[in-house]
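Contents: one structure, followed by commentary.
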Amino acid sequence: MRGVIYAHAGTACLTRLIVSLHSLRKHWDGPATVFQDGKAEPELKAICIDLKVDLVEYESIDCNKYTKKCHVNTLTKYDDNMLLDADTLVVSKLDPFFKWVEDHGLVFTNFCNWVPTGGTMSKRIRSWESLYPEAVETALNYPVALNTGIYGFKKDHPFLGGWLKTSVEGGKVGVPLTDELAAQLLAQFFPHYVAPPEWNYSVRYGEALQPVQEAKVIHLHGRKHVGDNACQRLWRNEFDEANRRWGLKWWGDKRVKKIMGGKAAKFKLPFEPTPEPESLPEPEGKEATAAAVTFVTAVDAKYLPKLELYYPQWKLNAGFAGKPLIVYYHGIKEEQLQFLDNARLIPWDVPFETENHRERMLSAFVFGAARDVETPYWVKCDADLHFAAALETPFWEAWIEKAYEVVGHRWGYTKVKGDPNYTGTHWLNTLDSWWTEKTGAEAVYPPIEGARHSHQRINSFLSMYSTEFTRKVAELCGDRLPVPSQDTVVWYVAERLDVSRYRNNMKKLGAHQ
């Protein structure tokens, strides 16, 4: 049996997934399944029923978003499979692709005639050298660069288990695009077929190679689905049709929000009856956003008076009261924190030996938050945070809607301070060495003289993070922070992993420290 599968998590790509499904059913009337990591949105459930697409809710293994696709490969029931990313647009019959799967067992797509020795690809491949140095060298000699936005395979193909394992290992050390690059490393050891570029037609580079009329599947990679080139106009037409048919929301996709004029359409399908009528409905819209955040602070004897002074002011800000609050404390007694409302008080006695009190307290915002936060996002509030006036709207809602993984106050330099181990090597150079040891990637900073270096970064006195990203940082750090500065480490990792991040002027919110 042949079938098309999708791997989906969260809602950031939900509008694009729905548009892709809409286009799929114009060219493929066979079986199709969406594998949803966690609970699916009710709109997606209803649309899948309307399109006769199976929807499977499952719990993913502990891995990054790229590796989830490798996991889904092992869950399919189809004999011959074609996986499509959510940001694809199907514009042709899929039978030729399935014939390649039937004949070869494993099918990848070439991306715009790129080759492994090109600047971008070679740098990405070499980031795996610390894990698989021999495979890296042979992968660089492979004739084409593979892309896993579209690929095919037979169920239980022997390639799949090694692909998943390799991608998981890459994720542990923070290498980029783990699914795609793991495939580039391993495909050379398995017979396979590489489909021509029209089966993975790039929204950005495709027209330079061949006219869009020759495309079979368009890949609107890199959040480039909205715009005015030929591929983007085709996507917009498909979106408009789907919106007229069902009525859509933008689910945090700011590009779709813009073309919808900030007004979501009324959904036109009946929702699937809930199988547990006694349970509370899942929150939607602003309620879902409000349920997504935990506040976190840390306090010691020095900062306790400031927290006592400013905490009543925190509660006056919209969106703070009633939200989970985690307080890590050291050098004071729990009884001294009874003025906090419904706070989870956690003593912070770090599991490593350090005489650096700064390191001890700042590490709570990495290792503690990674362990204890249960919501998708969390907001760091330094104990001396205060506001010029009470805010009438939750300041963090827009950041969550835009799916930022890191948000902090815009800052212009990194200065080494409070580090008893400082011997003249700037923190950024120390982080470069640490990153090279972890991933094999090259350093990005030249040798820095002095303790201060000017560059764009954040100050984290008021900041927000995705919990998934925080756990990744903690995993990379291992036992201790590579330098005793939480925001320096976090911003460095965010830049190296190229996660969605934003530098906001917190003083325009009236926030100060």
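The values are calculated or read from the model by the stated rules, or taken from the named source; none is laboratory data. If you're wondering where the values come from, they're calculated on a predicted model, not measured in any experiment. A quick note on method: Cβ atoms are made from the backbone with ideal geometry, for glycine too, and the neighbour counts reach across all protein chains shown.
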* Is at least one residue of the stretch 394-405 farther than 27 Å from Arg255 by Cβ and assigned by TED's automatic domain parsing to the domain that holds Phe461? -> no
* Give the residue, chosen from Arg503, Arg496, Arg480, that is in contact with a strand residue (DSSP E or B) (Cβ under 7 Å, 6 or more places away or on another chain) and either touching a residue at least 12 places away in the same chain (Cβ under 8 Å) or in a helix (DSSP H, G or I) (or both). => Arg503
* Asked: If a residue has to be surrounded by fewer than 18 Cβ atoms within 10 Å (Cβ to Cβ) and within 30 Å of Gly206 (Cα to Cα) to count, how many in the stretch 233-274 make the cut?
  -> 13
* Search result, residues across the stretch 159-174 that are out of contact with any Phe, Trp or Tyr (no Cβ under 7 Å at 6 or more places or on another chain), assigned to a helix (DSSP H, G or I) and surrounded by fewer than 24 Cβ atoms within 10 Å (Cβ to Cβ) -> Gly161, Gly162, Leu164, Lys165, Thr166, Val168, Glu169, Gly171, Lys172
* **Residue list for the stretch 388-430, filter: more than 30 Å from Lys258 (Cβ to Cβ), outside any loop (DSSP other than H, G, I, E, B) and touching a Leu at 6+ places or on another chain (Cβ under 9 Å)** => Thr414
* **Residue under evaluation Lys508, criteria (1) among the basic types (Lys, Arg); (2) under 18 Å from Asp382 (Cα atoms); (3) touching a residue at least 24 places away in the same chain (Cβ under 8 Å); (4) part of a helix (DSSP H, G or I), criterion not met** => (3)
* Structure fact -> Of the candidates Thr166, Thr120, the one satisfying the condition of being closer than 22 Å to Leu106 by Cα, in the same structural domain as Val217 (by TED's automatic domain parsing) and out of contact with any Gly (no Cβ under 6 Å at 6 or more places or on another chain) is Thr166
* If you check His455 against the conditions, is it more than 25 Å from Tyr310 (Cβ to Cβ), surrounded by fewer than 22 Cβ atoms within 10 Å (Cβ to Cβ) and either touching a residue at least 24 places away in the same chain (Cβ under 8 Å) or not hydrophobic (A, V, I, L, M, F, W, C) (or both)? -> yes
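Confirm whether Thr120 is of a type outside the set (Lys, Arg) and modelled with pLDDT under 95.
It is true that Thr120 is of a type outside the set (Lys, Arg) and modelled with pLDDT under 95.
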* For the stretch 1-83, which strands (runs of 3 or more DSSP E) that fit wholly inside it have 3 or more residues that are in contact (Cβ under 8 Å) with a residue 24 or more places away in the chain, under 24 Å from the mean Cα position of the chain (by Cα) and assigned by TED's automatic domain parsing to the domain that holds Gly152? -> 2-9, 32-37
* **Conditions (1) without any contact (Cβ under 8 Å) to a residue 24 or more places away in the chain; (2) more than 24 Å from the chain's Cα centre (by Cα): number failed by Lys165** => (2)
* Structure fact -> Of the listed residues (Glu134, Glu57, Glu43), the one being modelled with pLDDT of 85 or more, surrounded by fewer than 16 Cβ atoms within 10 Å (Cβ to Cβ), among the acidic types (Asp, Glu) and out of contact with any helix residue (DSSP H, G or I) (no Cβ under 6 Å at 6 or more places or on another chain) is Glu57
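If you scan the stretch 208-222, which residues turn out to be in a loop (DSSP other than H, G, I, E, B) and touching a residue at least 40 places away in the same chain (Cβ under 8 Å)?
The answer is Leu209, Ala215, Lys216, Leu220, His221.
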